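The values are calculated or read from the model by the stated rules, or taken from the named source; none is laboratory data. Keep in mind that what you see is a predicted model, and the values were worked out from it rather than measured. Ideal geometry is used to build each Cβ from the backbone, glycine not excepted, and the neighbour counts take in all protein chains shown.
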Amino acid sequence: MQRLKVLVTRRWPAEVEARLADAFDVTLNETDTPLTGAELAAAMGEYDVLCPTVSDRIDAAVINGGGRVRLIANYGVGFDHIDLAAAKARGIAVTNTPGVLTDATADIALTLILMAARRAGEGERELRAGKWSGWRPTHLIGSALKGKVLGCVGFGRIGIATARRAHHGFGMKIAYYGRRPCEDAVVQELQAEFCPDLNDLLDKADFVSLHVPGGGETANLIDAAAIARMKPGSYLINTARGGVVDHDALAAALKSGHLAGAGLDVYPAEPAVPPALLGIENVVLLPHLGSANAETRIAMGMCALANVEAFARGADLPNRVA
Ligand code: DGY
């Protein structure tokens, strides 16, 4: 295996960094400070492999910044932060880490569904502020999940895993919107209703949960018109990418009461959070925790490592996206 020169842009789990350091000439980011665009562009000329994450913007300017990198091994499944066309034009391969974060992300979708439906964030804020005056029958009344329709926008691995938890664990009915119906076994298992038109899903879902990739055709998919189409008193859950949602329209719908609540884990320009949301009580705001458990973060690192190792051996890349 070639001893490639590898740059890891953020801190990774210690066991994965150790494996990388054994096999390659690795530069780690000890301080975990995000690299600037100029630093990333310079790295393209100094390393054989760049290992970025969702917090690095690998645009055409970065990619064209140097001519040495031959592999971008992303730590994460989403790759909308990488300009694949620019990479392809330069003959740079791009890989991701699919599969290993499905369960963790579905768990966070359920966390958001439960927190929004049961007003957990509002309750915790009230209690910590010393404003809880005690139990009473009308205090912080939320919504039950049993019998409610979970509408999944996108029904790939994470959408299905979320639907399984919601259906088998909480008795929710499942509807989904996607390019095509999913396999029969899943449809049978979840009694899932396919909506070929997004509006059909928005008309019937009590909880709309987003599971589409970011960028391209999904940008602003849940715009003001889509939010207006959602059922009065329904909830929007986003563990996918922030750019899928019009946050000004979402804030207005939460304030007016058209939507009962929302739960968000992702934002368009992280770590910035759309200011309109920050003062609103009926929205749960998490800091992109979808894959944040120890087992998953190690598995993501090992998956990225497997791609770098395959590249070093000249083998087929297990998770090539470009
Ligand atoms: C990904 O892998 O794309 C996630 O958003 C990180 O948790």
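Figure legend. Inter-residue proximity from the range 99-128: first residues at negative phi and hydroxyl-bearing (Ser, Thr, Tyr), second residues modelled with pLDDT under 95 and crowded, with 19+ Cβ neighbours inside 10 Å, beta-carbon distance below 9 Å, spacing 6+ or different chains. No pairs are indicated. Being modelled with pLDDT of 95 or more, within 30 Å of residue 124 (Cα to Cα), crowded, with 18+ Cβ neighbours inside 10 Å and away from the ligand (no atom under 14 Å from the Cβ) is a description that applies to residue 284. Annotation: of all residues in the range 91-110 being away from the ligand (no atom under 14 Å from the Cβ) and not in a loop (DSSP other than H, G, I, E, B), the one that is nearest to residue 309 (Cα to Cα) is 93. The set of residues in the range 260-278 that are surrounded by fewer than 23 Cβ atoms within 10 Å (Cβ to Cβ), under 18 Å from residue 115 (Cβ atoms) and of a type in the set (Gly, Ala, Ser) contains only 260. Considering the range 51-90, and only residues there that are within 16 Å of the ligand (Cβ to nearest atom) and assigned to a strand (DSSP E or B), the residue that is surrounded by the most Cβ atoms within 10 Å (Cβ to Cβ) turns out to be 51.
Across the range 91-112, the number of residues qualifying as buried (at least 17 other Cβ atoms within 10 Å of the Cβ) and farther than 30 Å from residue 174 by Cβ comes to 4.
Only residues that are among the aliphatic types (A, V, I, L, M) and within 13 Å of the ligand (Cβ to nearest atom) were counted in the range 287-322, giving 6.
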